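Notes follow once the structure below has been shown.
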Amino acid sequence: MWFLWAILSAVTFGMSGFLMKVSSARRGSTLHTLLGLYLTGTLGFFWWALRTESLRADLPLLVAGFVIGLGSAAGNLLFMKALDQGPASLTSPLVNTNILVIILFSVIVYGERLSGTETAGVILLILAVSLIPFDPDEELKIKNARWYFLVLLATLLFTLRNGGLKVTEEMALSGTLVLFYGYLLGLVWFLAEDLLRRIRGTLAENRGAALTGLWWGSLAGIFSFVGMQLYAVALIDGPASIVAPLFATNSLVVAVLSIFFYRERLSRIQTLSLILLFTGLVLVRI
């Protein structure tokens, strides 16, 4: 079942990414979009924890939640800042190289082994994720050297988020509780940011942008909760060296939905990316 959970995690988490894109398209506040996302995401994990297990707060859970929450919240912020400094067609594929780190970590540290067809499938999935955001018409010149630093940090932070769940699963820590505390950290982070901006009088967004961001961000948080919970479940029985690249294909879901709802044109490279995706899925499953 882990293969199915991994696929569903990519689809639902991709829905979350698409809803964040909708918020941006409707000129929603970035701060309030992230605030809404971590609000409903935190509530989702809290509800699930109450339904499935006793809620507790021992030190290993809190430390794990802090590390994964830091990777999630800070990674999202730095990724968006990197997009302001450089082209998306370079930024997104490079940040997604965190998949390679997780695969190497799983093979070297936890002794996971891939068959020939699984290795070929994983390589095709990584290529698919790398190619999907590429726009051949986009100017690829890096105008600010700060971009390199932002991309490197965002990559490391997303590795903490995605790879950290593999480590906590091996430590027999509850993925639900780890994610609850991680999302709670993100919620506190963006609540504090909103409060500080109001105190300093630097909150530039108008009321309409804030409400738009909160609305779409809150919807995105529901799908983010479901997607991350399914990812954590998939890691229990499935190898991270396969589950991680499967989960990373959530960016393809965002692309397909954007094409359908916003009539974005699919380039030849992106078409190739989708072909690689389906081929990779077949090979991994075999």
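The values are calculated or read from the model by the stated rules, or taken from the named source; none is laboratory data. These numbers were taken from a predicted model, which means no experiment stands behind them. Every residue, glycine among them, receives a Cβ derived from its backbone with ideal geometry; neighbour counts consider all protein chains shown. Side chains are part of the model used for accessible areas, which takes the heavy atoms of the whole protein and leaves out ligands, DNA and RNA. Shrake-Rupley method; radii C 1.70, N 1.55, O 1.52, S 1.80 Å.
Here are the numbers for this structure:
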| read-out | value |
| --- | --- |
| Helices (runs of 4 or more DSSP H) completely within region 148-254 that count 2 or more residues being among the polar types (S, T, N, Q) | 207-237 |
| From the options 249, 279, residue that is within 22 Å of residue 233 (Cα to Cα), at pLDDT 80 or above, among the hydroxyl-bearing types (Ser, Thr, Tyr) and surrounded by 15 or more Cβ atoms within 10 Å (Cβ to Cβ) | 249 |
| Qualifying positions in region 22-48 - over 17 Å from residue 73 (Cα atoms) and open to solvent by 30 Å² or more (accessible area, probe 1.4 Å) | 24, 25, 26, 27, 46, 47, 48 |
| Candidate set from region 158-177 (those that are touching a residue at least 40 places away in the same chain (Cβ under 8 Å) and farther than 23 Å from residue 100 by Cα); member that is nearest to the chain's Cα centre (by Cα) | 176 |
| Filter result (touching a Leu at 6+ places or on another chain (Cβ under 6 Å), more than 19 Å from residue 163 (Cα to Cα) and open to solvent by less than 20 Å² (accessible area, probe 1.4 Å)) within region 66-100 | 82, 87, 91 |
| One residue from 126, 103 being modelled with pLDDT of 80 or more, surrounded by 15 or more Cβ atoms within 10 Å (Cβ to Cβ) and either under 16 Å from the mean Cα position of the chain (by Cα) or among the basic types (Lys, Arg) (or both) | 126 |
| Enumeration of residues in region 142-193 that are more than 23 Å from residue 64 (Cα to Cα) and either open to solvent by less than 20 Å² (accessible area, probe 1.4 Å) or aromatic (Phe, Trp, Tyr) (or both) | 147, 148, 149, 150, 151 |
| The lone exception for residue 260 - which of (1) touching a helix residue (DSSP H, G or I) at 6+ places or on another chain (Cβ under 9 Å); (2) assigned to a helix (DSSP H, G or I); (3) modelled with pLDDT under 80 it fails | (1) |
